[in-house]
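Before any comments, here is the structure.
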Amino acid sequence: SIMRKRQTTDSPHSSSDLSEGKEKLRLKQEVGLISGVSLIAGTMIGSGIFMSPEWVLHQMGSPASSLLIWAACGLLAMLGALSYAELGTIIKESGGEYIYILRIFGSFPAFLFAYTSVILVRPAGLAAVCLSFAEYAVAPFYPGCSSPQVVVKCTAAACILVLTIINCLNVRLATSVMNIFTAAKLLALLVIVVGGLVLLAKGQTQSFQNAFQNTTAGIGTVGVAFYQGLWSYDGWNNLNYVTEELKKPEVTLPRAVMIAIPLVTCLYLLVNVSYFAAMAPSELLTSGAVAVTWGDKVLGSWAWLISLSVALSTFGSSNGTFFSGGRLCYIAAREGHMPDILSMAHVRCLTPSPALLFTSAMSLIMIISGNFTSIVNFFSFIAWLFYGMTISGLLYLKIKKPELPRSYKVPIFIPIIVLIAAVYLVLAPIIDQPQIEILYIVLFIFSGIVLYFPLVRFKCHPRFLQRVTLHLQLFLEVAPTIRDAN
């Protein structure tokens with residue numbers, strides 16, 4: 001059966017010698033409902049809501065159509081997350097899209113996803129968010145001029161190193177950081193929402209008169225606007241990457257989704273209304289950083305609070321991205337698609353520290369190498385390509401294997417809608433405005449074929465790698481783990 005999991009026994013690969021006896025080593029189930037909501041909401045609310053409104057408006061042309069895009073992005077994220085919640089109750093393993101593609105479609109497409117995500121997408125996304133954090137964190141020290149790139153990059157690198165230490169030490173510490181920073185960023189968004197409501201109460205409604213005027217509605221234009229909006233909603237699927245670490249995943253996963261995503265969607269809509277209350281559309285389009293401009297107009301001498309809030313928000317978001325990205329690397333290694341050392345966990349801290357260190361190293365390389373504008377722009381293209389594949393897998397299971405046990409079921413029309421949206425988001429920008437960068441991304445994805453057949457399919461591993469793995473295992477104090485399939 002395609003759904004049959006690898007059998008885990010008390011072999012040297014699934015247990016480790018600890019103390020005087022043999023103990024099975026596994027990650028702890030320490031993520032409850034509050035931490036689950038924080039992981040979703042905390043990763044979603046990053047720098048996007050403070051920056052993207054300008055670009056959504058630029059594509060759509062009018063305030064009302066921009067708000068419709070933000071609402072539609074929230075609805076799409078909600079439908080996608082509900083579909084993933086059912087997958088998470090059928091396949092109760094960590095790894096998100098990777099593990100679902102592996103169990104449904106097999107090894108080759110799962111390897112291509114893991115290869116693309118672990119080497120490029122996750123580290124690039126983490127590096128981009130940390131650079132946003134660094135820009136806002138150092139800006140107060142360079143008033144009236146742009147911050148030196150060396151300082152920004154060093155600050156971003158320091159952010160990644162701090163996140164590495166936090167996540168390697170303790171899962172509970174990492175989730176506590178997520179909870180604290182999620183509360184801080186929700187408070188910051190509430191300040192913007194309340195400020196906007198006060199402005200509306202005072203009669204500042206000019207932006208909402210003839211609100212649909214100048215709307216543009218081309219197929220490609222709407223697709224690009226969705227990309228900009230969905231960048232702010234990215235993270236809606238993060239809880240599926242840590243399913244094995246959830247307390248009662250069959251209950252926690254759907255509940256966390258149903259709380260976090262509507263909460264974030266409502267806040268995003270109200271924040272956008274606040275921006276339009278404070279600024280005319282023309283002002284918003286010329287603003288380099290929408291939230292900072294809003295702070296200057298509304299808060300006056302307290303405008304520095306917004307810069308601080310954005311820095312806190314991006315730090316919290318990068319923590320969530322790092323937390324889930326490390327798990328993807330760990331799960332892919334456990335399934336034989338990455339080096340064995342990355343599938344191990346620290347014998348005392350019980351965290352996947354080698355995978356976290358690898359993710360950290362890749363992100364640091366990307367920070368040093370330069371600018372990620374093109375990677376960020378095409379992040380959604382890669383993401384929705386694999387989201388579409390994952391959702392089609394759910395439809396396959398619903399139609400062909402309805403007998404599989406599942407504690408939560410989503411109506412079949414919901415994954416159908418998400419699949420149609422995914423196909424649109426992948427094809428619309430290519431058809432409307434084809435760009436050579438998309439070809440480069442596709443070529444990078446399929447370059448994984450060169451590695452897959454010798455290393456994974458035929459297992460041609462040089463002998464010295466076993467020695468390297470052993471030395472690293474002793475140095476990092478890590479041991480192989482077993483799967484906890486709940």
* **Evaluation of SER47 against (1) of a type outside the set (Lys, Arg); (2) closer than 25 Å to SER176 by Cα; (3) modelled with pLDDT of 75 or more (one fails), failing number** => (3)
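Please go through segment 458-486 and pick out each residue that is among the charged types (D, E, K, R) and over 27 Å from THR243 (Cα atoms).
Listed by number, the residues that qualify are LYS459, ARG463, ARG467.
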* Tell me, which helices (runs of 4 or more DSSP H) lie completely within segment 125-243 with 3 or more residues that are closer than 30 Å to ALA428 by Cβ and not β-branched (Val, Ile, Thr)? -> 219-233
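Quick grid of which residues meet (1) closer than 30 Å to PHE108 by Cα; (2) open to solvent by less than 40 Å² (accessible area, probe 1.4 Å); (3) not in a loop (DSSP other than H, G, I, E, B):
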{"site": "CYS266", "(1), (2), (3)": "no, no, yes"}
{"site": "ASN272", "(1), (2), (3)": "no, yes, yes"}
{"site": "ALA277", "(1), (2), (3)": "no, yes, yes"}
{"site": "SER317", "(1), (2), (3)": "no, yes, yes"}
{"site": "ALA333", "(1), (2), (3)": "yes, yes, yes"}
{"site": "MET338", "(1), (2), (3)": "yes, yes, no"}
{"site": "ALA355", "(1), (2), (3)": "yes, yes, yes"}
{"site": "MET362", "(1), (2), (3)": "yes, yes, yes"}
* So which pairs qualify, if the first residue must be in segment 446-466 and within 15 Å of PHE111 (Cβ to Cβ) and touching a residue at least 40 places away in the same chain (Cβ under 8 Å), the second must be surrounded by 13 or more Cβ atoms within 10 Å (Cβ to Cβ) and of a type outside the set (A, V, I, L, M, F, W, C), the Cβ gap must be under 8 Å, and the two must be at least 6 apart or on different chains? -> GLY448/TYR115; GLY448/THR116; LEU451/TYR115; TYR452/TYR115; VAL456/SER107; VAL456/GLY336; VAL456/HIS337; ARG457/SER107
* Asked: Can you tell me which residue in segment 293-307 is farthest from LYS202 (Cα to Cα), limited to those that are within 28 Å of the chain's Cα centre (by Cα) and touching a residue at least 60 places away in the same chain (Cβ under 8 Å)?
  -> SER307
* To do: Considering only segment 38-120, give the helices (runs of 4 or more DSSP H) lying wholly within it that have at least 3 residues that are within 15 Å of the chain's Cα centre (by Cα).
  => 63-90, 107-116
* Find all pairs meeting these conditions: Cβ atoms under 9 angstrom apart; at least six residues apart or on different chains; first residue within segment 131-153 and surrounded by 12 or more Cβ atoms within 10 Å (Cβ to Cβ); second residue of a type in the set (Lys, Arg). => LEU131/LYS153; ALA134/LYS153
* To do: Residues being in contact with a helix residue (DSSP H, G or I) (Cβ under 7 Å, 6 or more places away or on another chain) and either farther than 19 Å from TYR330 by Cβ or in contact (Cβ under 8 Å) with a residue 24 or more places away in the chain (or both): count how many of those fall in segment 162-185.
  => 15
* **Candidates VAL162, VAL171, VAL177, filtered to the one that is at pLDDT 90 or above and either more than 30 Å from LYS398 (Cβ to Cβ) or open to solvent by 20 Å² or more (accessible area, probe 1.4 Å) (or both)** => VAL162
* Got a sec? Which of LEU425, LEU404, LEU439 is part of a loop (DSSP other than H, G, I, E, B), modelled with pLDDT under 90 and at negative phi? -> LEU404
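Looking at segment 401-412, can you tell me whether even one residue there is closer than 25 Å to VAL121 by Cβ and touching a residue at least 60 places away in the same chain (Cβ under 8 Å)?
no
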* Structure fact -> Taking segment 345-356 and the residues there that are touching a Leu at 6+ places or on another chain (Cβ under 8 Å) and either hydrophobic (A, V, I, L, M, F, W, C) or more than 10 Å from CYS168 (Cβ to Cβ) (or both), the one that is modelled with the highest pLDDT would be ALA355
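Which residues, counting only those in segment 447-461, are exposed (fewer than 11 other Cβ atoms within 10 Å of the Cβ) and either farther than 28 Å from SER353 by Cβ or touching a helix residue (DSSP H, G or I) at 6+ places or on another chain (Cβ under 9 Å) (or both)? Outline the logic, then answer.
In the first step, residues of segment 447-461 are kept if they are exposed (fewer than 11 other Cβ atoms within 10 Å of the Cβ); the result is 450, 458-460.
Passing the criteria: VAL450, PHE458, CYS460.
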* From (1) of a type outside the set (Lys, Arg); (2) more than 30 Å from ILE91 (Cα to Cα); (3) touching a Gly at 6+ places or on another chain (Cβ under 6 Å); (4) modelled with pLDDT of 90 or more, pick out the condition that doesn't hold for ALA256. => (2)
* Kindly provide the set of residues from segment 281-291 that are open to solvent by less than 40 Å² (accessible area, probe 1.4 Å) and either without any contact (Cβ under 8 Å) to a residue 24 or more places away in the chain or not in a helix (DSSP H, G or I) (or both), ordered by number. => SER287, ALA289
* **Check on VAL410, in contact with an Asp or Glu (Cβ under 7 Å, 6 or more places away or on another chain) and closer than 20 Å to LEU75 by Cβ** => yes
* Boolean, ILE192 is in contact (Cβ under 8 Å) with a residue 40 or more places away in the chain and more than 28 Å from SER274 (Cβ to Cβ) -> no
* Please identify the pairs in which a residue from segment 223-243 that is farther than 16 Å from ALA128 by Cα has its Cβ atom under 6 Å from the Cβ atom of a residue that is aromatic (Phe, Trp, Tyr) and not in a loop (DSSP other than H, G, I, E, B), counting only partners at least 6 apart or on another chain. => GLY229/TRP70; ASN237/TYR84; ASN240/TYR84
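The values are calculated or read from the model by the stated rules, or taken from the named source; none is laboratory data. Note that the structure is predicted; figures quoted are calculated from it, not measured. Don't worry about glycine lacking a Cβ; one is built from the backbone with ideal geometry, like all the others, and counts go over all protein chains shown. Just the protein is used for accessible areas: all its heavy atoms, side chains included, with ligands, DNA and RNA removed. Shrake-Rupley method; radii C 1.70, N 1.55, O 1.52, S 1.80 Å.
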